[in-house]
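Asks: Handing you a structure now.
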Amino acid sequence: MVWNSLVVPVLICSGAVVPGLRAQTTEDTAVRQVVEAVASLQEANDIAGLDTLFAPNPWAEIIEGSGVNDGWTDYRNNHLKPELAEMQHLSFRFFNIAPQVRGKVAWVPFRYELAADTPSEHVDIEGRGTAILERRRERWLVVHLHASGRRKTPGD
């Protein structure tokens with residue numbers, strides 16, 4: 001029992017554990033920044049910026065509610081661009097972002113809020129999502145995104 005209580009502090013103090021924790025924290029931060037940028041670049045209607053965050057593969061699915069797009073290009077051209085074109089005064093944010101990084105793969109549950117004016121009404125939505133990212137060379141790219149939301153009810 002005494003041996004265990006001595007080994008852990010020695011490993012931590014000697015730096016055997018800390019570099020691994022630092023590397024994990026650095027990767028968590030990098031993944032979090034990509035996920036945050038997905039929301040902020042959509043809010044800014046910066047399609048070119050978003051192009052740099054998503055894997056170009058056609059198998060990279062993006063799911064919103066029950067709608068599925070096969071690949072970033074399909075989602076960008078057939079869903080996102082038309083949707084953003086209809087929105088005015090868009091406010092969009094991801095929060096409670098909780099990256100889990102394992103080697104070259106990360107999964108990231110998050111919550112989101114979206115508010116915007118459309119030609120027919122004002123929408124105010126809250127939801128949850130999960131992003132899956134893959135590290136390719138020195139960059140993290142979104143390879144899967146699933147978000148589901150509902151309209152906020154008065155008092156939310």
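Asks: Checking ALA60 against (1) modelled with pLDDT under 95; (2) open to solvent by 30 Å² or more (accessible area, probe 1.4 Å): exactly one of these is not met. Which one?
Replies: All conditions pass for ALA60, except number (2).
Asks: Considering only segment 135-156, state which residues are more than 24 Å from PRO56 (Cα to Cα) and open to solvent by 60 Å² or more (accessible area, probe 1.4 Å).
Replies: ARG150, ARG151, THR153, PRO154, GLY155, ASP156
Asks: Just need a number here: residues in segment 45-57 that are among the hydrophobic types (A, V, I, L, M, F, W, C), outside any loop (DSSP other than H, G, I, E, B) and surrounded by 13 or more Cβ atoms within 10 Å (Cβ to Cβ).
Replies: Total meeting the criteria: 3.
Asks: Can you tell me which residues in segment 58-67 are in a strand (DSSP E or B) and in contact with a strand residue (DSSP E or B) (Cβ under 6 Å, 6 or more places away or on another chain)?
Replies: GLU61, ILE62, ILE63, GLU64
Asks: May I pose another question? Among the residues of segment 135-156, what is the count of those that are part of a strand (DSSP E or B) and among the polar types (S, T, N, Q)?
Replies: 1
The values are calculated or read from the model by the stated rules, or taken from the named source; none is laboratory data. Every value quoted in this text rests on a predicted model; they were computed, and no experiment measured them. Cβ atoms come from the backbone with ideal geometry, glycine included; neighbour counts cover every protein chain shown. Note: areas computed on protein heavy atoms with side chains; ligands, DNA, RNA excluded. Shrake-Rupley method; radii C 1.70, N 1.55, O 1.52, S 1.80 Å.
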